[in-house]
Amino acid sequence: MATAGDIGTFSVWDYVVFALMLLISAVIGIYYAFAGGGQKTSKDFLMGGRSMSAVPVALSLTASFMSAVTVLGTPAEVYRFGAMFSVFAITYTMVVLISSEVFLPVFYRLGITSTYEYLELRFNKFVRLVGTILFIIQTILYTGIVIYAPALALNQVTGFDLWGAVVATGVVCTFYCTMGGLKAVVWTDVFQVGIMVAGFSSVIIRAVVVQGGIAPILNDSFYGDRLNFWDFNPNPLQRHSFWTIIIGGTFTWTGIYGVNQSQVQRYIACKSRFHAKMSLYVNLVGLWAILSCAVLSGLAMYSIYKDCDPWTAKFVSAPDQLMPYLALDILRDYPGLPGLFVACAYSGTLSTVSSSINALAAVTVEDLVKPYFKSLSETKLSWISKGTSFLYGAVCIAMAGLASLMGGLLQAALSIFGMVGGPLLGLFSLGILFPFVNSLGALVGLLVGFAVSLWVGIGSQIYPPLPISSLPKYLSVEGCNFSTTATNWTLTTAHPTITDTMTEAQVGDRPALADNWYSLSYLYFSTIGTVIAVIVGIIVSLLSGGLKQNVNRDFLLNSQDFDYLKVLIPSSWGKEQDEKVKVLNWKTRDSDSYPDKGADNPAFTHMEMTSAEKNEKPIGINP
C-alpha cells in the first residue's frame, strides 16, 4: 500500500550505476574522436564515413525517438487512459513500410547528407532554405522537452536540483556529439537502448513479483477498464481511438522516420542500400519491444496503485512523475535498481538529444554554410561541424526552459512534430510522388499547411479539449493512508497537464471553435498539415504550368524502387559472392549522371553534388 512516507531514497549504489552510464557514454565519444584517425572531414563527422551497418543503426533509430518521453510519458498514459496506446504497434509497422519503400530509395540513390539538399535538387534553393529553417525550429523545441523530462525524474527520486540536471544532460550530450560525431551518436545509442530495456525490465519484473504474477496485473487492468485496445469510434475529436492512432499516428511518425533529418541521416549513412533498409526493419522490432515494456509498466502501475492513486492523493504533482515514483517505491530494497531506472530515463534523453544535435549540425553545415562558402576546405568544415554541435547543445539546454511551461510531455512532444513535421512530410511527398508539382506549388503548399497546423495546434494549447474527449479512467484514493506525517518525498514545481488545471470559468468562456476545431485529436495535427500541403501544392502547380516541366526521374519514386526480388533475393543461390554483391547494388536509371549515387560504397567515399553549383535554373527542370 502506497503512502506519502514509504518511498525509498537513492543509495550509494544507485549513484554508482547512474555515474557508470554517464561515464561509458562519454568514453564512447572520446574513443570515436580518435579511432581510425579521428573525424578528419565533415563527412566523417556527420555521416560516419558512410560505413555504418544495419544493426547498430537500427538500435540507434530505436533509441532516438523512443526516448525519455516514452520512459516517463507512455506508462503514465496507459495508467490514466488504458492500453489503447499499444495500437501504435500497428502504426509503427506502417510507418517503417512507407519510410523504407517510398522515401529511403530516393534519398539513398542521390547520396545526400541533408534531406533538404533534395529540396533544392527537386525544386529550388528557397524551398530548401524554408524547409531547413522549419526543421531547426521543430528539433530545438522537441529537444527542449526531452531534456526536461529526465531532469524531472531525477528531481523526483533523488532531490537533485531540477535545472542542474537539465544542464548536466545537455553538457554530456554536447560533449560526446562534439567529440565523436555520428559514430559516437550511433554507438552510444546502442549502449543506451540496452540501459532503457534493462530499466524497464527491472520495474516490470519487480512489479510482477510484488503482485504475485502477471495474471493479477492483467486481472486488475481488465476490471479497471485498462485493456481497452479496440475503440473504433470515428470521432476525430476523441484524443485516442483506433482511427486517430492508426491514421494520425502514421502521418506523425512518418514525418519522423520518413523525412526527419535525425532519422534519415543515420540510415543513409549505411554502407549499402540493403543495410539501410534492414536497419529500418530491425528497428521495428526494437520499437515493438520498447512499446511493450512501456505498456506493461503502465498496467503494472495501475495494478499496484488501483486503490491509492499517487497523483490524486498529491504524492506527486504531475502524471509524468508517476513512473519514477513507482520505481523508487517498489525497488527501494534493491540498491542500484532505482539508479538503473533513472539511468534508463536519462539514456533516453542522451540518445535523442545527441541525434538531434548531430542532425542540426548536419543541416546547418550542408544547407546554410556550404552553399554560400564554397571555398571552405574539408578540415575547416569538420571544425565548423563540431562548433555547430557545441552551439546547438547550448541552445537546446536553454530551450528546456520552455518545456517546463508545457503540459504532459508525451502529448507536447507529438504535438510539436505534428505541427511542423506534417507540412514538411507533405512537401517531400509532393516532390517524390508528383512529377508535375513545381517549386511554386511546393512552397505555397508548405506554407499553407504549416499555417493551418499552427492555427489548430496553438488553438488547442489556448483552449485545451475538455476531459470528455480524452476519456480518462477512474482513479481511486480509497486505500490511501493519509495518517502518515513523516515523509522524505519532495514535491517539485512541475506543472500538471493543462487540461487538468482548467477551471469552470475557463470552460464557460470557450469560443465556438474550441469544442470542434481546437479539440481535434493532437495526432491529427500532422495529418492536417500533410494533406493540406499536398492538396494546395497540387492545385497551385497545375494552375502555374506544372504539367509542362520535365523532372529528372532520379528525383522521383519509380518502378525500379519496387523491384524487391532483385534486392532481397539473389536470382541464383549458387552464383559466386560477387554476383550477389551486384544484385545488392541499386543502380540508377541515369547512371551516367550519377555514377556513385545509390551504389554500395566500397571505399566509403562521398561524391558531392555539384549540379546545384553548375546550374542557375532549378535542378531537374528543363524548359
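When Leu381 is tested against (1) out of contact with any Leu (no Cβ under 7 Å at 6 or more places or on another chain); (2) aliphatic (A, V, I, L, M); (3) under 20 Å from Val186 (Cα atoms), exactly one condition is not met: (3). For region 232-247, filtered to residues that are part of a helix (DSSP H, G or I) and over 20 Å from Leu430 (Cβ atoms), the residue that is most open to solvent (accessible area, probe 1.4 Å) is Trp243.
Inclusion of Phe229 among residues that are of a type outside the set (A, V, I, L, M) and either without any contact (Cβ under 8 Å) to a residue 40 or more places away in the chain or part of a helix (DSSP H, G or I) (or both) is not warranted. Pairs meeting the criteria (first residue in region 162-177 and open to solvent by 40 Å² or more (accessible area, probe 1.4 Å), second residue of a type outside the set (Asp, Glu) and in a helix (DSSP H, G or I), beta carbons under 7 Å, at least 6 apart or on different chains) are Val167/Ile397; Phe175/Ala26; Phe175/Gly29. I want to confirm something. Restricting to region 448-490 and keeping residues that are in a helix (DSSP H, G or I), under 27 Å from the mean Cα position of the chain (by Cα) and surrounded by fewer than 17 Cβ atoms within 10 Å (Cβ to Cβ), which single residue is modelled with the lowest pLDDT? Top of the filtered list is Pro467.
Each row is one residue, and each column tells you yes or no for (1) open to solvent by less than 10 Å² (accessible area, probe 1.4 Å); (2) of a type in the set (Phe, Trp, Tyr).
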{"residue": "Val96", "(1), (2)": "yes, no"}
{"residue": "Ser99", "(1), (2)": "yes, no"}
{"residue": "Pro105", "(1), (2)": "yes, no"}
{"residue": "Leu110", "(1), (2)": "yes, no"}
{"residue": "Thr113", "(1), (2)": "yes, no"}
{"residue": "Tyr116", "(1), (2)": "yes, yes"}
{"residue": "Leu119", "(1), (2)": "yes, no"}
{"residue": "Leu134", "(1), (2)": "no, no"}
{"residue": "Leu152", "(1), (2)": "yes, no"}
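Residue-wise test of (1) at pLDDT below 80; (2) surrounded by fewer than 24 Cβ atoms within 10 Å (Cβ to Cβ); (3) farther than 29 Å from Ile245 by Cβ; (4) of a type outside the set (Val, Ile, Thr).
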| position | (1), (2), (3), (4) |
| --- | --- |
| Phe373 | no, yes, yes, yes |
| Ser377 | no, yes, yes, yes |
| Ser389 | no, no, yes, yes |
| Gly393 | no, no, yes, yes |
| Met406 | yes, yes, no, yes |
| Pro435 | no, yes, yes, yes |
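Checked against the criteria, Tyr281 does not count as touching a Lys or Arg at 6+ places or on another chain (Cβ under 7 Å), at pLDDT 90 or above and either open to solvent by 10 Å² or more (accessible area, probe 1.4 Å) or more than 21 Å from Ser51 (Cβ to Cβ) (or both).
Taking into account only those residues within region 511-563 that are outside any helix (DSSP H, G or I) and hydrophobic (A, V, I, L, M, F, W, C), which is most open to solvent (accessible area, probe 1.4 Å)?
Ranking the candidates gives Trp517 first.
For the subset of region 63-118 comprising residues that are more than 18 Å from Phe242 (Cα to Cα) and of a type in the set (D, E, K, R), which member is farthest from the chain's Cα centre (by Cα)? Among them, the one singled out is Arg109. Checking the stated criteria, Cys293 turns out to be in contact (Cβ under 8 Å) with a residue 12 or more places away in the chain and part of a helix (DSSP H, G or I). The sole residue among Tyr334, Tyr302 that is at pLDDT 90 or above, more than 17 Å from the chain's Cα centre (by Cα) and among the hydroxyl-bearing types (Ser, Thr, Tyr) is Tyr302. Within region 185-226, being open to solvent by 40 Å² or more (accessible area, probe 1.4 Å) and part of a loop (DSSP other than H, G, I, E, B) holds for Gly212, Asp225. A single entry from Ser382, Ser347, Ser356 fulfils the requirement of being surrounded by 17 or more Cβ atoms within 10 Å (Cβ to Cβ) and at pLDDT 85 or above: Ser356. Close contacts from region 532-543, counting a first residue that is under 16 Å from Pro423 (Cα atoms) and a second that is small (Gly, Ala, Ser) and surrounded by fewer than 19 Cβ atoms within 10 Å (Cβ to Cβ), with Cβ to Cβ under 9 Å and a gap of 6+ residues or different chains, come to Ile532/Ala451.
The values are calculated or read from the model by the stated rules, or taken from the named source; none is laboratory data. None of the values given here were measured: they were computed from a predicted structure. Note: ideal-geometry Cβ built from the backbone for every residue, glycine included; neighbour counts use all protein chains shown. When the accessible area is computed, the model is the full protein with side chains, heavy atoms only, and any ligands, DNA or RNA have been set aside. Shrake-Rupley method; radii C 1.70, N 1.55, O 1.52, S 1.80 Å.
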